[in-house]
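The values are calculated or read from the model by the stated rules, or taken from the named source; none is laboratory data. Just so you know, these numbers come straight off a predicted model, no measurement behind them. Backbone-built Cβ (ideal geometry, glycine too); neighbour counts: all protein chains shown. What goes into the accessible areas is simple: the full protein's heavy atoms, side chains included, and nothing from ligands, DNA or RNA. Shrake-Rupley method; radii C 1.70, N 1.55, O 1.52, S 1.80 Å.
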Amino acid sequence: MAVRLYPGGDVKANLTDSESLRTPSLVRGETKSPSSPPPPHQQPPAPPRPGHDDFPEGGARAWLTVSGASACLFVSFGWVNCAGIFQSHYQANQLSNYTPSEISWISALQIFFMIFSGIWVGRIFDSHGPAALLFVGSFMHVFGMMMISLSTTYYQILLSQAICSAVGASMVFFPAFTCVSTWFLKKRGAAMGLVVCGSSIGGVIFPVMLINLIPKVGFPWAIRTCAFLVLALLIWANFTVRTRIPPVKRPFEFTAFLAPLRELPFALLTAGIFFFYWGMFVPFTFIVVEALAGGMSENLANYLVPILNGASIIGRTIPNAMADKLGHFNVMIVMAAFTSILILAVWLPSSGDAAIITFAVLFGIGSGAGIGLTPVLIASISPIQQIGARTGTAFSIASIAALTGSPIGGAILTSANGAFQSTKIFGGVACAVGTLLFIAARVALVGVKPKKF
């Protein structure tokens, strides 16, 4: 019997004459060959296959989900983007007896737990949906922020800011990305751009609030005011963020998180995200401290973070919309290379207020595109039913980069007696390696052809 694979994966058998004589239908005296297809009017309809038409690409529920997801990014990644403000404040106040490297572990662990928690948040999402995650995450994030306002020692700040608040932020951060991916395919880049734009707006609003409130009402009430804003936005998110795909309960298996890494394109993409994030968080953490050391006024230096995050609104919207037309990997490679060049060619030799402000604006655009396109790339090579777990796998590995990048930069800074050049080189080279791995992932998927992908 000859077996042939037809398009669509259907396997059909071609019987030889000798084999057909032994078929049960001919033994019973039937004249019709069993391999003959039934008449067209008797053939069952082909089962529907998932495709572009299955995604609504819009509608009230889809855009409400985008609005709620944007609020989630506002309160999670937008809050984390204040790392430079906290680094500067802690060095001058509560934790003045600690080294910059020791203080940077707070922001590093905060980013780590927010991203690493995706390894189990994504699995819970795939099995149970977003509702419980959003509710519990909202409570933990707000509670952790309230505890920051009461913290005075290193370990108290570490527990409240780096663990409690960060894990809660993770439980609203990942469902936001994943839910939006279930509503859009052709417009996924543009929709994700609007979502991550929330983190840029949060990265502007929160630092400005802290800069202006701390001198007027003190650090504790400045944090509480931010917490009340977070609570209001998370109430909206709990009522609007919904997934289109019904959850499917699966047994918890650790191997499910490792299985995607057996796919070469996914493994290369994950490695690229790791190295890019490893270098990208260095400027976020040290741009304010470096500006102060260079002679910039404290008031202007503190505004570098909102300037950077304000510019990232451009980076998280326009490149994402362009990526839907030009290819998500193509645009990611260009913007990652742009970010690497900025660190090594602009920030490294920069001196003076104008040069640092220029770098902050351009870096905000480049890094914003890198952050905004990351979940789009993961979704583009993932089955929609497994998108939560696969996103968690990629981000949990990237969280190790977020955990170690800033402390390594701080350790390099300390060993260089306060000179920032080596720390900048570390950040730029790490981003460049990430760019090369994005290129390798694209080649593994579609080759070197200059096509949309």
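Our summary gives the chain a relative contact order of 24 percent, counting only alpha carbon pairs under 8 angstrom and 6 or more residues apart. Per residue, the chain exposes an accessible area of 42 Å² to a 1.4 Å probe, with every protein chain left in place. Simple point charges give the picture: +1 on the Cβ of Lys and Arg, -1 on the Cβ of Asp and Glu, and for the chain a dipole about the Cα centre of about 1020 debye.
The modelled label-to-label distance for the pair Val446/Ile400, using points 7 Å beyond Cα in the direction of Cβ, is 3.0 nm. Other residues within the sphere of radius under 13 Å centred on the Cβ of Ile412, judged by their own Cβ, net out at 0 (K and R +1, D and E -1). Computed from the coordinates I sent, Rg and Dmax of the Cα atoms in Å equals one of (1) 54.2, 216; (2) 25.6, 99; (3) 50.9, 196. Tell me the label. Computing Rg and Dmax of the Cα atoms in Å and matching it to (1) 54.2, 216; (2) 25.6, 99; (3) 50.9, 196 gives (2).
Applying 1/(1 + (r/R0)^6) with R0 = 41 Å to the Cβ-Cβ distance of Ala132 and Asn299 gives a FRET efficiency near 0.40. Simple spin-label estimate for Glu57 and Leu158 gives 5.2 nm between the two label positions (7 Å along the Cα-to-Cβ direction from each Cα). Annotation for Val361 and Leu264: the two label points, set 7 Å from Cα along the Cα-Cβ direction, are 4.4 nm apart. When His128, His141, His328 are compared by accessible surface with a 1.4 Å probe, the order from highest to lowest is His128, His328, His141. Shown for the chain: the carbon plus sulfur share of the solvent-accessible area, taken with all protein chains present and a 1.4 angstrom probe, equals 68%.
Between the listed residues Met280, Ala131, Leu213, the Cα displaced farthest toward the positive end of the dipole of the chain, a dipole computed from Cβ unit charges relative to the Cα centre, is found at Ala131. Within the chain, the selection of entire DSSP H helices by a Cα span of 27 Å or greater along the long axis and an average Kyte-Doolittle value of at least -0.5 returns 188-217, 219-240, 264-293, 353-380, 387-415, 421-446.
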